[in-house]
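**Student:** Below is the structure I would like to discuss, written out as structure tokens.
The values are calculated or read from the model by the stated rules, or taken from the named source; none is laboratory data. Please read all numbers here as calculations on a predicted model, not as lab measurements. Ideal geometry is used to build each Cβ from the backbone, glycine not excepted, and the neighbour counts take in all protein chains shown. Accessible surface areas use protein heavy atoms only, side chains included; no ligands, DNA or RNA. Shrake-Rupley method; radii C 1.70, N 1.55, O 1.52, S 1.80 Å.
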Amino acid sequence: QVQLVEAGGGLVQAGGSLTLSCVASGGIFSINAMGWYRQDPGKQRELVAIVTTTGTTTYADSVKGRFAISKDDAKKSVYLQMNSLKPEDTAVYYCKVVARTPPAFHIRDFWGQGTQVTVSS
């Protein structure tokens, strides 16, 4: 029932910027954290940035100072502003929401379908 819809990926030249967005909908009771991961073919999915309900943020070392994560609790949305993009940022970017849903209200991870970001040199 929980759905995550991502948008904002695309092709950009090195040094450019993109903003990703992710909107969660469905039977969410509460959200613990929202974040972004990325995955290159043949590699493991890796954390890019995550923000908790209290606003605490964590970034991968490779994106610190270039990317900024933000959220809108009322809209159940999370955003990733990506600046100074590099070819090595090329990957499929996935939104993740950590949330409680009825009826059991266990904490679960929910994933979006992914959006491609390609940075050309």
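**Student:** Just the residues that are open to solvent by 30 Å² or more (accessible area, probe 1.4 Å) and assigned to a strand (DSSP E or B), please, taken from region 19-49.
**Tutor:** Once the filter is applied, which keeps residues that are open to solvent by 30 Å² or more (accessible area, probe 1.4 Å) and assigned to a strand (DSSP E or B), region 19-49 yields Thr19, Ser21, Val23, Ser25, Ser30, Ile31, Asn32, Tyr37, Gln39, Glu46, Leu47.
Every residue, every condition in (1) at pLDDT below 95; (2) under 23 Å from Gln1 (Cα atoms); (3) basic (Lys, Arg), yes or no:
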residue: Ala24; (1), (2), (3): no, yes, no
residue: Lys43; (1), (2), (3): yes, no, yes
residue: Ala49; (1), (2), (3): no, no, no
residue: Phe67; (1), (2), (3): no, no, no
residue: Val78; (1), (2), (3): no, yes, no
residue: Pro87; (1), (2), (3): no, no, no
residue: Val97; (1), (2), (3): no, yes, no
residue: Phe105; (1), (2), (3): yes, yes, no
residue: Gly114; (1), (2), (3): no, yes, no
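**Student:** With open to solvent by 40 Å² or more (accessible area, probe 1.4 Å), among the hydroxyl-bearing types (Ser, Thr, Tyr) and in contact with a Lys or Arg (Cβ under 8 Å, 6 or more places away or on another chain) as the only criterion, which of Tyr59, Tyr79 stands out? Outline the logic, then answer.
**Tutor:** Numbers: Tyr59 fails: in contact with a Lys or Arg (Cβ under 8 Å, 6 or more places away or on another chain).
Just a single option satisfies the conditions, and that option is Tyr79.
**Student:** While we're on this one: Which residue pairs have Cβ atoms closer than 8 Å, lie 6 or more positions apart in sequence or on different chains, and pair a first residue in region 92-120 that is on the phi > 0 side of the Ramachandran plot with a second residue that is part of a strand (DSSP E or B) and of a type in the set (Phe, Trp, Tyr)?
**Tutor:** Gly114/Tyr93; Gly114/Tyr94
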